[in-house]
Structure formats: structure tokens, C-alpha cells
Amino acid sequence: MSEKFEGNLPPQEQKGEIPQELLDLCKGNQETAQKVLAVRSKYDNEWWNSNDPMEVAMGQLNEPTLIMDFGKFHEAIEKALGRPVYTHEFGINADGLKEELAEKKSEK
């Protein structure tokens with residue numbers, strides 16, 4: 001069953017076609033890719049494709065569904081914070097990471 005997506009997605013994605021990069025990200029699982037498309041469709045900009053580490057880190061930290069490659073997200077948050085971020089911090093200190101990012105952003 002294919003869903004039609006609304007929002008600011010490219011035309012092929014609005015028709016429910018799943019781009020190859022998303023299928024690759026979801027390891028070929030079309031159901032997961034459809035869910036990621038649905039979540040992505042609620043955004044006006046594609047922050048997950050940004051070259052700005054702060055934008056990527058803030059976007060994904062504030063989105064409960066992982067909608068991008070975790071490695072890219074992890075790299076972005078480390079660059080944005082200027083320090084190593086250990087994977088366990090995402091689970092036990094997400095709010096602390098959000099606060100730390102907000103502080104770094106206000107310093108700019």
C-alpha cells in the first residue's frame with residue numbers, strides 16, 4: 001500500500017516513490033523508508049541534508065524518529081559541540097545534549 005505524501009518533498013517523493021538514497025539508508029526496508037518519508041514531509045527545509053553541523057544536530061535531536069544516517073548525525077553533533085560525543089549520551093543525556101547545543105548556538 002503506497003501513501004501519498006504532502007509537503008515540501010520532491011515530486012517523485014510526493015507520489016510515494018522512494019528515492020534510492022532513502023532505501024539504502026533503510027537497508028531496503030520499504031515500510032521503514034515510507035515512515036521516514038512521512039516524518040520528513042512535515043519539514044519545510046531539509047535540515048538533514050545541510051552542511052551546517054549545528055542545523056543537523058539540532059534538527060535530529062529534536063526529532064524523535066531517526067530520519068538520517070546515524071553516522072552523519074553523530075559527526076555533526078561532535079563538530080557542533082567541539083568534543084567527542086559517546087553513543088550512550090544519546091540515550092541517557094539527550095536533554096543535556098540539547099542544552100549544550102543551545103549554549104553553543106547562543107555563543108555564535
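Could you tell me whether Pro84 is closer than 22 Å to Glu107 by Cβ and more than 16 Å from the chain's Cα centre (by Cα)? Criteria met by Pro84.
Can you confirm whether region 62-71 contains a residue that is under 13 Å from the mean Cα position of the chain (by Cα), over 24 Å from Glu17 (Cα atoms) and not assigned by TED's automatic domain parsing to the domain that holds Glu17? Yes, region 62-71 contains at least one residue that is under 13 Å from the mean Cα position of the chain (by Cα), over 24 Å from Glu17 (Cα atoms) and not assigned by TED's automatic domain parsing to the domain that holds Glu17. No other residue among Lys42, Lys79 is free of Cβ contacts under 8 Å to residues at least 40 places away in the same chain, basic (Lys, Arg), surrounded by fewer than 16 Cβ atoms within 10 Å (Cβ to Cβ) and closer than 27 Å to Glu107 by Cα apart from Lys79.
Filtering Glu55, Glu31, Glu21 for residues that are part of a helix (DSSP H, G or I) and under 17 Å from Leu101 (Cβ atoms) leaves a single hit, Glu55. With respect to the stated conditions, Lys79 fails to be within 22 Å of Ala33 (Cβ to Cβ) and not assigned by TED's automatic domain parsing to the domain that holds Ala33.
The values are calculated or read from the model by the stated rules, or taken from the named source; none is laboratory data. In this text, all values refer to a predicted model and were calculated from it rather than measured experimentally. Neighbour counts run over all protein chains shown; Cβ positions are idealised from the backbone, glycine included.
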